[in-house]
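The values are calculated or read from the model by the stated rules, or taken from the named source; none is laboratory data. Keep in mind that this is a model prediction, so the values were computed, not measured. Positions of Cβ are backbone-derived with ideal geometry, glycine not excepted, and every protein chain shown enters the neighbour counts. Keep in mind that these areas ignore ligands, DNA and RNA; they rest on the heavy atoms of the full protein, side chains included. Shrake-Rupley method; radii C 1.70, N 1.55, O 1.52, S 1.80 Å.
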Amino acid sequence: MTTLEPATDAAQDNLAALESEAIHIFREVAGEFDRPVILFSGGKDSTLLLHLAIKAFWPAPVPFPLLHVDTGHNFDEVIEFRDRVVERHGLRLLVAKVQDWIDDGRLEERADGMRNPLQTTPLLDTISENKFDAVFGGGRRDEERARAKERIFSLRNAFGQWEPRRQRPELWNLYNGRHRPGEQVRVFPLSNWTEADVWNYIAREKVELPSIYYAHQREVYLRDGMLLAEGPWGGPRPGEEVRELTVRYRTVGDGSCTGAIESTATTVEDVIAEVSASRLTERGATRADDRMSEAAMEDRKREGYF
């Protein structure tokens, strides 16, 4: 088993600074906006986001509801974890199911079976119906080029779209939440965190995560360089061999386009060592929806997705 030396004082100071910044952002939004909401899927970044929100307002309850845009192509372990966390903390969870939009004709199933690209319409409709004016997301600048350009307070127009020329400078940690009626602001408290920071903080705070983030046995098949698992979203094509391997997931999304990696990392310390040696971001390594084109995430962001 790989062991890791205790984090240095400088690393701990960095985590403390990141935590302080995120808590400040949560409290700033609570003071500036009328109807914020936290996007929560049960993945590691949204779980960390919720952990920080709980710390920001403790001992009072978190003053915002949670929202999950559910593709219907989820890993059972993640949904069970999501529901357990919501119940434990007495939170209010709204679930916008992509399947409902497909059933009533507002969306059509894609030929490739992916549902992550279909999340935008349910997200925008739910924001509009509930009049949410600030939406917390777990996006980080180190994940992908389109996210690297994001402000912490990201203004979206009345259609939920991102317009680069309308983004504001954020000097000296001063955030401008002004928006017109019908507009919204997406808020990213984890913008300045890296994947390594996330895992080091999880280790420090002993944050619980779904079990699929750690090494386990799973039947997978290789497609386009990614290890995919069979599920309600489909399975292997002719010629794709199913094998049982020891894997874990670095990121969690629609099962049809989220790949596992071979890994023996069964503890947080093992994962930290593995992440430190990696030269690919978790999305670049394991998300097929980000590979659809060079500007896949940029296009989705302009349409109203994160």
Note: among Ala158, Ala148, just one is within 25 Å of Asn14 (Cα to Cα), in contact with a Lys or Arg (Cβ under 9 Å, 6 or more places away or on another chain) and open to solvent by 10 Å² or more (accessible area, probe 1.4 Å), namely Ala148
Taking the range 243-260 and keeping only residues that are crowded, with 19+ Cβ neighbours inside 10 Å and over 24 Å from Phe40 (Cβ atoms), one is left with Val247
Output for Cβ contacts, cut-off 9 Å, separation at least six or different chains, first residue touching a residue at least 60 places away in the same chain (Cβ under 8 Å) in the range 173-192, second exposed (fewer than 12 other Cβ atoms within 10 Å of the Cβ) and in a loop (DSSP other than H, G, I, E, B), reads Val185/Arg178
So the strands (runs of 3 or more DSSP E) completely within the range 1-117 holding 3 or more residues that are of a type in the set (A, V, I, L, M, F, W, C), surrounded by fewer than 21 Cβ atoms within 10 Å (Cβ to Cβ) and modelled with pLDDT of 95 or more are 93-97
Screening Trp172, Trp199 for residues that are under 22 Å from the mean Cα position of the chain (by Cα) and aromatic (Phe, Trp, Tyr) leaves only Trp199
